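Structure record follows, encoded as structure tokens.
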Amino acid sequence: MIHVDFQPVGRRVELAPGKTLLEAAQAAGIELTAVCGGIGTCGDCRIRLARGNLSAPTLAEQATLTPGEIASGQRLACQAIPQSDCVIDIPPESLTAPQRLQVEDELGVSRIKCQVSRGTWHVAHDTPFGLAIDIGTTKLAAFLVNLTTGQTLGRVGAMNPQIGFGEDVIARIQYANTHPDGRTTLQSRLAETLNGMAAELCQQAGILSEQIGEVVAVGNTVMHHLFAGLPVQQLGVAPYSPAVVEAMTIPARQVGLALAPDATVYLPPNIAGYVGADHVAAILAVSGQRSAFSSQRSAINRQPPTVNRQPSPVTLLLDIGTNTEVSLSANGRILSCSCASGPAFEGAHIRDGMRAAPGAIERVQIRDGAVRVHTIGNQPPVGICGSGILDAVAELLSAGVLDWRGNFTAGQPQATLVLAAQTGHGRDILVTRKDVNEIQLAKGAIRAGVDVLLAEAGLPSEAIDEFIVAGAFGTYLDIGSAIRVGMFPDLPRERFRQVGNAAGAGARQMLLDPAARQFAEKLARRVEYVELSSHPAFREAFVKNILFDRGR
């Protein structure tokens, strides 16, 4: 059998030799556009080979694709037959339904008061628009902003095309360091997708890409370095030192962005090897709210305290992703760390895992032994995404199907969520012991990071007044499930706040307000970074938090 990994949807399938990629996609429940029914005449099922070997291009492909497109790895899924295990990149236009991409936020910054001064902000008269970009390991978000009014004109999301070369930052560092032109390939693929997103936004707003003169781009340190064309080898080995920590302003053309001829890109500072500019942007965004981070902003800006000022609350900000960043603001300090939570919450390494696309199970309930599921788009289930697998594990624990170690009780090897007759691909959708272990590792790493920061601050978890959850996965997860599996401390629900794409919100603030950039640069220097890999308390906290709570 041949293993085919479809990205960015995160579906994997075993395929008998001689079957086409279209047949493989159909077996995996992936709905590729194929108007002609798979005879190779419509050209709609385009894919790109990221790794592995395919059969030689057919005459139908040669008639539809240019030599340059074929050389770049583009093929027609209905014609290409895998000759080895392979990774396939599916462009958005080849899918009948898009993946769900989180570009919204709940921070009230969709229209920010404009602070632009053309005399000092270097905005040319004919380039009155700006672009804010959040470069996530898995997902991208871009926002088109009118620099004159401060209005956000449009927003668009896409999957990071680098996924085909590695699901996490470590895999991409390895690819960049071990393949000829690996770093260049990763950078150019990213720039190509960002240009497409910019073009889509401009088409929606009725403007030209050449009218965009300012860009703010944020991302974790590895994404920042790959986008800017900086070396990443040193980020893969201790002490994980960034090549650049300070803020940078570079020409947009230098990183392959097709915007105004003199457009510039501002890259905010990084904090450490695995806490990057995206987390700086997220802290900036939530510091505009009433929280401990807002008191930090006042302190950084040297604003005098108000009369009868109440003690600032203890606030924890957690941005969940393949790499999870955590910051704790308490007693005048900001402590930050990074947790290697892995891609399990994106559906990776889960038996029937997939990313948040139509047909993905996103909610699970078990009542009186009966399993109920809800899928994205109310489509027949074909897999389970991150919020769904978190719910499933929490419900299996509550139902007594799993014990506190994560083992199935009564000798069960696995649990069935949906029988084959009710699925979209005719196979049972299961939760296995390995799936549970993946969630244990991910939630254990996140909770251990939280516990270490609390210990550094000398505080118990009960002292957290506000627990802010950011990021795409953080938007859709069920807080109760996260508490039940022990990923979050058992705090009153009203202390939790899910804010969506905080990094994107902070990027937009820095696009419009020079004071926001200045604050971000001061903030990055103020943060106390805690390296978990060398922290004496991390290992014990991690081992403890892999297990589930015996008392609930």
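Test Gly386 against the criterion of being within 19 Å of Phe542 (Cβ to Cβ) and open to solvent by less than 20 Å² (accessible area, probe 1.4 Å), and give yes or no. Show your work before the answer.
Details: within 19 Å of Phe542 (Cβ to Cβ): no; open to solvent by less than 20 Å² (accessible area, probe 1.4 Å): yes.
It is false that Gly386 is within 19 Å of Phe542 (Cβ to Cβ) and open to solvent by less than 20 Å² (accessible area, probe 1.4 Å).
Inside the stretch 449-475, can you point out the residues that are over 23 Å from Ala503 (Cα atoms) and either open to solvent by 10 Å² or more (accessible area, probe 1.4 Å) or at pLDDT below 95 (or both)?
Within the stretch 449-475, Asp451, Ala455, Glu456, Ala457, Gly458, Leu459, Pro460, Ser461, Glu462, Ala463 meet the criteria.
Return the total of residues in the stretch 12-34 being of a type in the set (Gly, Ala, Ser), over 12 Å from Leu95 (Cα atoms) and in a loop (DSSP other than H, G, I, E, B).
First, pick out the residues of the stretch 12-34 that are of a type in the set (Gly, Ala, Ser): 16, 18, 24-25, 27-29, 34.
When the remaining residues are screened for being over 12 Å from Leu95 (Cα atoms), the result is 16, 18, 24, 27-28.
Keeping just the survivors that are in a loop (DSSP other than H, G, I, E, B) gives 16, 18, 28.
The qualifying residues number 3.
Are any residues in the stretch 37-86 in a loop (DSSP other than H, G, I, E, B), free of Cβ contacts under 8 Å to residues at least 24 places away in the same chain and over 19 Å from Pro17 (Cβ atoms), and if so, which ones?
Scanning the stretch 37-86 gives Gly37, Thr41, Cys42, Leu65, Thr66.
Can you find a residue in the stretch 79-98 that is aliphatic (A, V, I, L, M), modelled with pLDDT under 75 and under 30 Å from Gln509 (Cβ atoms)?
Keep residues of the stretch 79-98 that are aliphatic (A, V, I, L, M), which gives 80-81, 87-88, 90, 95, 97.
Subset that is modelled with pLDDT under 75: 97.
Those left that are additionally under 30 Å from Gln509 (Cβ atoms): none.
There is no residue in the stretch 79-98 that is aliphatic (A, V, I, L, M), modelled with pLDDT under 75 and under 30 Å from Gln509 (Cβ atoms).
For Gln379, state whether it is open to solvent by 30 Å² or more (accessible area, probe 1.4 Å) and either touching a residue at least 40 places away in the same chain (Cβ under 8 Å) or over 20 Å from Leu419 (Cβ atoms) (or both). Show your work before the answer.
Details: open to solvent by 30 Å² or more (accessible area, probe 1.4 Å): yes; either touching a residue at least 40 places away in the same chain (Cβ under 8 Å) or over 20 Å from Leu419 (Cβ atoms) (or both): yes.
Yes.
Checking the conditions here, which among Phe488, Phe519 is of a type outside the set (Lys, Arg), closer than 22 Å to Leu131 by Cβ, open to solvent by less than 10 Å² (accessible area, probe 1.4 Å) and in contact with a helix residue (DSSP H, G or I) (Cβ under 7 Å, 6 or more places away or on another chain)?
Phe519
Would you mind telling me which numbered condition in (1) open to solvent by 30 Å² or more (accessible area, probe 1.4 Å); (2) without any contact (Cβ under 8 Å) to a residue 24 or more places away in the chain; (3) assigned to a helix (DSSP H, G or I) Ala243 fails?
In the conditions (1) open to solvent by 30 Å² or more (accessible area, probe 1.4 Å); (2) without any contact (Cβ under 8 Å) to a residue 24 or more places away in the chain; (3) assigned to a helix (DSSP H, G or I), Ala243 misses (3) alone.
Take the stretch 454-490 and flag every residue that is under 26 Å from Asn331 (Cα atoms) and among the acidic types (Asp, Glu).
Glu456, Glu462, Asp465, Glu466, Asp490
Taking the stated definitions as given, is Ala392 modelled with pLDDT of 85 or more, small (Gly, Ala, Ser) and open to solvent by less than 10 Å² (accessible area, probe 1.4 Å)?
On the way: modelled with pLDDT of 85 or more: yes; small (Gly, Ala, Ser): yes; open to solvent by less than 10 Å² (accessible area, probe 1.4 Å): yes.
Yes, satisfied.
Return only the number of the condition from (1) modelled with pLDDT of 95 or more; (2) open to solvent by less than 30 Å² (accessible area, probe 1.4 Å) that Gly480 does not satisfy.
Among (1) modelled with pLDDT of 95 or more; (2) open to solvent by less than 30 Å² (accessible area, probe 1.4 Å), Gly480 violates only (1).
May I ask you to say which residue of Thr20, Thr58 is open to solvent by 30 Å² or more (accessible area, probe 1.4 Å), farther than 21 Å from Thr138 by Cα and hydroxyl-bearing (Ser, Thr, Tyr)? Let's see the steps before the verdict.
Details: Thr20 fails: open to solvent by 30 Å² or more (accessible area, probe 1.4 Å).
Result of the check over Thr20, Thr58: Thr58.
The values are calculated or read from the model by the stated rules, or taken from the named source; none is laboratory data. The shown structure was predicted, so the numbers you read here are calculated from the model rather than taken from an experiment. Using ideal geometry, Cβ is built from the backbone for each residue, glycine included, and neighbour counts are taken over all protein chains shown. SASA here: full protein model, heavy atoms, side chains in, ligands and nucleic acids out. Shrake-Rupley method; radii C 1.70, N 1.55, O 1.52, S 1.80 Å.
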